[in-house]
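The values are calculated or read from the model by the stated rules, or taken from the named source; none is laboratory data. This is a predicted model, so every value here is computed, not measured. Virtual Cβ from ideal backbone geometry, glycine too; neighbours counted across all protein chains shown. Protein only, heavy atoms only, side chains kept; ligands, DNA and RNA dropped before computing areas. Shrake-Rupley method; radii C 1.70, N 1.55, O 1.52, S 1.80 Å.
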Amino acid sequence: MQDRASNLEEEAILAGDLPRHIAIIMDGNGRWAQQRGLDRTLGHRQGVKALKPIVKEAARIGIEVLTVYAFSTENWRRPSHEVEVLMGLLVEFLASETAELKDEGVRIRTIGDIARLPLPAQQSLLWAQTETAAQTRMILNLALNYGARDEILRAVNRWRTENQDEALSEEQLSSYLDTAGLPDPDLLIRSSGEFRISNFLLWQLAYAEIYISNILWPDFDAVELRRAIRAYQARHRRFGGLG
Ligand code: FPP
């Protein structure tokens, strides 16, 4: 019975319009740990474990780009120990998962000001991106030291240097953002029941559908990802028109 239900769900998802690009704010690691009397960093460790099945499921369903908010420009304000653990988890994640992600056809790329990350994190990212550069099934886009305001300012300032203060068009600004070449997200998922954008992809989310999940990120699984996609498929997107 369960199998039949999941087959029907699978058919329904594949028959509907799939979001090309899903962006996720992976929130709730700290609360997950605190609820269990554990250190917040153990929530992050569990959060990294939760990420892999989501990446695999998104690739399997046929999503083209999955962008995950792993570390924001504001996250540097957290205690230095927590920041160090997060950076260490990134290096561990890349070392342990890149080969399998490559086998799954996943190309790893980043958005954010990577040059300000600790050197080991930068080196791991460079290695993982080079390793997976030829993969075409799905892009896993890691937002690291990412803030949308910072991204927009970097883009505008680069534009000014390269174009002698000429006026910018929407297309030109898009092509100077870290997401250049990627479609805008169709669906934004935020876990842990918070209704905020938190300086994530402010330009690119202009017409995204938003799905708030009450599940804390470490418990977020493929079932919840499919629920979010089904909710997206039930929406009527009008892009500001009357549709
Ligand atoms: C928000 O939870 C989560 C973060 C600030 C970091 C998200 C990072 C991961 C899921 C793992 C890192 C990913 C990689 C690829 C290494 P929170 O700590 O704000 O939770 P809270 O709101 O419950 O305190």
- Task: Along Cα→Cβ, 7 Å out, is where each label goes; now give me the distance between the ones at GLN122 and ASN75 in nm to one decimal.
- Result: 1.8
- Query: Does a label point 7 Å from the Cα of HIS236, set along Cα-to-beta-carbon, have any residues of the stretch 13-33 with amide nitrogen under 17 Å, and which are they?
  - Reply: 17
- Message: Can you give me the accessible area per residue for the chain, using a 1.4 Å probe, in Å²?
- Response: 51
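If the chain between ARG36 and ASN163 were fully stretched, how many nm would it gain, using 0.36 nm times the residue separation less the Cα-Cα distance? Could you put the intermediate results ahead of the total?
Working: separation 127, 0.36 × 127 = 45.72 nm, distance 5.38 nm.
Computed gain between ARG36 and ASN163 is 40.3 nm.
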- the chain, relative contact order [Cα under 8 Å, separation at least 6], %: 27
- Item | Cα-based shape type of the stretch 27-82, given that a ≥ b ≥ c are square roots of the gyration tensor eigenvalues and the cut on a/c is 1.5 | oblate
- Query: Excluding ARG20 itself, what net charge comes from residues whose Cβ is under 14 Å from its Cβ, given Lys and Arg +1 and Asp and Glu -1?
  - Reply: -3
- Stokes-Einstein, Kirkwood over Cα pairs, the stretch 63-139, 20 °C, 1.002 mPa s; D in µm²/s equals 163
- Equivalent-ellipsoid semi-axes (√(5λ), Cα gyration tensor) for the chain, whole Å, largest first? 27, 25, 18
- Message: Quick one: the Cα spread of the stretch 59-203 along its three principal axes, in angstroms, biggest first?
- Response: 46, 38, 34
- Query: Where does the charge balance sit around ARG190 when Lys and Arg score +1, Asp and Glu -1, over other residues with C-beta under 13 Å from its C-beta?
  - Reply: -3
- According to the square roots a ≥ b ≥ c of the eigenvalues of the Cα gyration tensor, what is the shape class of the stretch 164-243, taking rounded for a/c under 1.5, prolate for a/b larger than b/c otherwise, and oblate for the remainder? prolate
- Over the chain, with every protein chain in place, what whole percent of the accessible area is carbon and sulfur at 1.4 Å, could you tell me? 51
